[in-house]
Amino acid sequence: MQNSPLDLSKVFSFIAEKEILQLENETLKAQRTMYEGTGAGNNFLGWIRLPSRISEQHLTDIEEAVSQLKKNSEFMVLIGIGGSYLGARAVYEALTHTFGSPATQADLPRMIFAGHHISEDYTYELCEILDHHSYSIVSISKSGTTTEPAIAFRILKEHLEKKVGKQEAGERIVVVTDANRGALRQLADEKGYKSFIIPDNVGGRFSVLTPVGLVPLAACGIDIRQLVAGSREMEQMCDPSVPFDQNPAALYAASRNALYRSGKKIEILVNYNPKLHYFSEWWKQLFGESEGKQGKGIYPASVDNSTDLHSLGQYIQEGERILFETVISVEETTHRMTIPEEPANLDEINFMAHKRIDHINKMAELGTAMAHVDGGVPNIRISLPALNAFSLGRLLYFFENACGISGYMMGINPFNQPGVEAYKRNMFALLEKPGFEEEARQIRSRM
Ligand code: PA5
């Protein structure tokens, strides 16, 4: 398979290659359902051809809209939650300096986050920091009414208006929301904020390549053109015209369904580079919200290795045999560093001296994969040539495409999220939101 990121060789001792290939018809049927728009949730398929339909003009419009924010802000606060935040954070954290803004990135605002929880301490401390630094806001909500970002936006809008005045605050706020509906749209129109539209036919967790991801990333200097170029390449590689045994998304969907049916109920996304921590958070939402329905679905978990080998490694090696792993393996690091030799050798690591740290990391990765396979944990490997915008664009689209196929193979609607509403109804009833009187009465009777 040309340029395929997928290596299934460490799955075949659990599920024979021919058993996965026997799922061809079923997988291609699910793929057809998705591409032909004949399945449940077919009004949310706008992401499938999105990369190839993004115009140069659209990218230019985004870059121009954020150019002022880039110049005038030390921080860019992304307000959003779930699909309205995780994609941008995944890409940003993967591509920027682990410890903030070194000299090379000094001219660019650093992306920080709000509205992704309801912590009073976090919000207070964020305002304390923002008191002393210039900042802009990209506020993202498709509905425009989600509680967490609504609270954060109300507070930060007021904070920014007090700090720089209403007019300048208006120039420092960009909104990404629905074309017509919702509080955020109304406010943007009233106040004249620059705004971008989330297409109706793209759900939150599939929206990273819409302005939801592209606007905040561009505002912090990420090369969104390369991100889109990578996703376009993967769109071609996953196209239904590509035969099943060469189509990475179809093969991944088939493999994880075969493993699920053999009793592997939990998939752990594994990285050996902490910059990918938030990529796993994005992936967990994508698969968890898409597949976890009607008592079905693979539970998506994640580990950051080698860190978590010292905490969860024991369970993965010897606990319940209901796990399989999908490892994202970065082929080439951004920086190079070797281990020094020390004559005393008290720590007894001179056998590693002069070797690159990444070589040791790679041997940890290989050794762990072999140990886990021996211990009954199948291992799927996905290789990433390097941590750059192009590779990440490919990977994002690969997982989106595979997720849609996989969900249809499980017989569920991969594009809705009805279960997300349950906690909200209780919370609103407990907070006495008008319209939730009946729920409040029911809750009182249970207490
Ligand atoms: O995938 C989803 O639909 C959710 O995660 C939403 O993105 C999240 O709840 C935020 O919703 P909204 O963009 O309407 O504020």
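Bear in mind these aren't lab numbers, they're just calculated from the coordinates by the rules spelled out. All values reported here derive from a predicted model rather than from experimental measurement. When we count neighbours, we look across all protein chains shown, and the Cβ atoms used for this are built from the backbone with ideal geometry, even at glycine.
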Cα Rg over Rh - the chain, Kirkwood: 0.98
Helix runs (DSSP H) in the chain reaching 27 Å along axis by Cα, Kyte-Doolittle at least 0.5: 389-409
Neighbourhood charge, 12 Å Cβ-Cβ cut-off, centred on L45 and excluding it, Lys, Arg +1 and Asp, Glu -1: -2
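Considering only the other residues whose Cβ falls under 13 Å of the Cβ of L387, what net charge follows from Lys and Arg at +1 and Asp and Glu at -1?
Result for the local shell: -3.
Rounded to a whole number, what is D in µm²/s for region 284-334 from Stokes-Einstein with the Kirkwood radius over alpha-carbon pairs (20 °C, 1.002 mPa s)?
164 µm²/s
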For the chain: relative contact order, % (alpha-carbon pairs under 8 angstrom, 6 or more apart): 23 percent
Net charge over other residues, Cβ less than 11 angstrom from the Cβ of T123 (K, R count +1; D, E count -1): -4
Mean separation of Cα contacts under 8 Å (6+ apart) over length of region 50-222, as relative contact order %: 32 percent
Stretch gain in nm, segment Q57-I129, where the contour uses 0.36 nm per residue and the Cα spacing is subtracted: 22.3 nm
Estimated vicinal HN-Hα couplings, Hz - region 41-53 in sequence order (Karplus 6.51, -1.76, 1.60; Gly, Pro = x): x, 6, 8, 10, 10, x, 6, 4, 9, 4, x, 6, 9
About the Cα centre, charge dipole magnitude for region 236-365 (Lys/Arg +1, Asp/Glu -1 at Cβ), debye: 560 debye
Highest to lowest packing among 391-401, 207-217, 274-284, 332-342, scored as the average C-beta count within 10 Å: 207-217, 391-401, 274-284, 332-342
Amide H contacts of F196 (H built 1.01 Å from N, under 5 Å, at least 5 apart or other chain): V175, V176, T177
Over the chain: helical MRE at 222 nm, DSSP H runs n ≥ 4 each giving -39500 (n - 2.57), nearest 500: -14500 deg cm²/dmol
Calculated FRET efficiency for the pair F99/E432, C-beta based, R₀ 41 Å, to 0.05: 0.40
Gyration tensor (alpha-carbon) shape descriptor, region 50-222, a/c threshold 1.5: rounded
Cut-off 16 Å (backbone N to label point 7 Å along Cα→Cβ of D200), residues of region 26-51: 41-47
Rounded if a/c under 1.5, otherwise prolate or oblate - region 7-65, Cα gyration tensor axes: oblate
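Can you tell me the length gained on complete extension of the stretch A344 to A371, counting 0.36 nm per residue apart and subtracting the Cα distance?
6.5 nm
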Among beta bridges that DSSP assigns inside the chain, antiparallel share in %, nearest 5: 5 percent
